[in-house]
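To keep things clear, I will list the structure first and then write my remarks on it.
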Amino acid sequence: MKILVTGGAGYIGSHTCIELLKENYDVVVLDNFSNSCEESLNRVQKITGKNLFFYKLDLLEGPSLHQVFEDHKIDAVIHFAGLKAVGESTTIPLKYYQNNLTGTLNLLSVMEKFNVKNLVFSSSATVYGDPATLPIKEEFPLSVTNPYGRTKLMIEEILKDLYQSDKEWNIALLRYFNPVGAHESGEIGEDPQGLPNNLMPYISQVAVGLLPRLSVFGGDYDTPDGTGVRDYIHVTDLALGHVQTLPKLVSNPGVVIYNLGTGNGFSVLEMIKGVEKASGKQISYEITDRRPGDIAACFADASKAKKELGWEATKSLEDMCNDTWNWQKKNPMGYRNHPKKD
Ligand code: NAD
Ligand code: UD1
């Protein structure tokens, strides 16, 4: 089977390419490098010893997209490409709507034209807003509070409408919890541009000495130690979730929705301790005000994915912290020192 991976040079996409190649799928990657670089794909090929096809292409350029489908007989698309920074989305919402919505619409039009109707879409636990109870199940009510989250929810709705109009489509909406960690080789990992927004890259940059101190956003939540609790999932487990969704897609399920999380919640202080243990470094931090828009706690009920896909996360908090640190210490500047970086 040949899989088109949009955004395949990015953090989750590159890890998914590895697992797809390991399972002998043919992989075609499309990415505009707006938040990544070609070096991640070089390393994917080095790690697996296999080649993938690659197009430097923007989903906003509809016509060039045709060429990919002319060149390859695609069986299914895994659609990662999108902008993902919540804070940034509140300052440049039009860019987020343009990129995420128009990019997806262009992709869907070309897929329809070439009769490729199997799609896995990267959604997010952000679509659950502030849940009334935990753990979060797929049928919980949906609400979003920022333009990034709204693009995810809108695309979910668009995809459901598409299926209603044409039952030949098979669409998996995968709602990720908090992806962290890196490939066990330490060759690929998360490479945020500028100051990290998310917790784990921030902690690991403090550990490696790039940043002086972590701000812990709030110490007075109604959680066991007062800091925010999240369902952190190892990016390799997440990547495997995509691979295990593909057989489900080709069984003609229509629209299916799965939480991809571990079902366990860890606090900010537990994550700090985890990285301290992995790195042998002390992480300097201070407790500051809550970050606007944050919720106290969020973790998944991931039993549906286990039952229907046979998938469950297997990597521990220790694995997540060890692999984050391994990547960070081997690549303190991410992919930046590499000459091919865009
Ligand atoms: P990422 O930024 O590392 O990867 C996204 C990739 O898409 C990048 O390589 C970027 O260059 C590419 N891209 C963006 N717009 C494009 C366009 N118009 N045309 C072509 N390529 C384009 O992000 P990630 O963390 O790997 O996330 C992948 C997907 O998963 C995103 O859709 C994101 O919203 C979603 N998601 C991520 C998280 C997370 O915490 N990382 C959580 C939930 C959902
Ligand atoms: C964030 C996004 C969410 C997105 C998810 C995955 C916000 C408000 N939410 O979720 O929409 O789906 O990333 O990309 O941005 N923290 C600190 N200090 C920091 C950074 C984070 O204390 O410097 C805390 C947060 O308050 C939170 C936890 O660490 O309790 C995790 O934060 P983060 O990694 O940003 O993920 P989320 O906020 O869960």
Worksheet item: Would you call S64 within 16 Å of ligand 2 (Cβ to nearest atom), touching a strand residue (DSSP E or B) at 6+ places or on another chain (Cβ under 9 Å) and either among the small types (G, A, S) or more than 24 Å from L41 (Cβ to Cβ) (or both)?
Response: no
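Which residues, taken from region 88-140, are part of a helix (DSSP H, G or I) and within 14 Å of Y258 (Cα to Cα)? Give the steps one after another, and end with the answer.
If we filter region 88-140 for residues that are part of a helix (DSSP H, G or I), which is where we start, we get 88-91, 93-113, 125-128.
A125, T126, V127, Y128 - these are the residues of region 88-140 that are part of a helix (DSSP H, G or I) and within 14 Å of Y258 (Cα to Cα).
Going through E187, E168, E157 one at a time, which residue ends up being surrounded by 20 or more Cβ atoms within 10 Å (Cβ to Cβ), more than 16 Å from ligand 2 (Cβ to nearest atom) and among the acidic types (D, E)? Break it down stepwise before answering.
Details: E168 fails: surrounded by 20 or more Cβ atoms within 10 Å (Cβ to Cβ); E157 fails: surrounded by 20 or more Cβ atoms within 10 Å (Cβ to Cβ).
When all the criteria are applied, what remains is E187.
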Practice prompt. Please state which one of L269, L240 is surrounded by 23 or more Cβ atoms within 10 Å (Cβ to Cβ) and not in a loop (DSSP other than H, G, I, E, B).
Written response: L240
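Do you know which residues across region 290-325 are within 29 Å of G226 (Cα to Cα) and assigned to a helix (DSSP H, G or I)?
S303, L317, E318, D319, M320, C321, N322, D323, T324, W325
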Fill in: Number of positions in region 162-200 that are free of Cβ contacts under 8 Å to residues at least 40 places away in the same chain and more than 9 Å from ligand 1 (Cβ to nearest atom)
5
Worksheet item: Is it fair to say G8 is near ligand 1 (Cβ under 8 Å from one of its atoms) and part of a helix (DSSP H, G or I)?
Response: no
Worksheet item: Looking at (1) near ligand 1 (Cβ under 9 Å from one of its atoms); (2) charged (D, E, K, R); (3) under 30 Å from G293 (Cβ atoms), can you tell me which one E61 breaks?
Response: (3)
Item to complete: Answer yes or no: is there a residue in region 244-257 that is part of a helix (DSSP H, G or I), of a type in the set (D, E, K, R) and either at pLDDT 95 or above or within 16 Å of ligand 1 (Cβ to nearest atom) (or both).
Response: yes
Practice prompt. Please find, within region 41-77, the residue that is farthest from G189 (Cα to Cα) out of those that are touching a Cys at 6+ places or on another chain (Cβ under 9 Å) and crowded, with 18+ Cβ neighbours inside 10 Å.
Written response: L52
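The values are calculated or read from the model by the stated rules, or taken from the named source; none is laboratory data. Not measured: the values here are computed from a predicted model. Ideal geometry is used to build each Cβ from the backbone, glycine not excepted, and the neighbour counts take in all protein chains shown.
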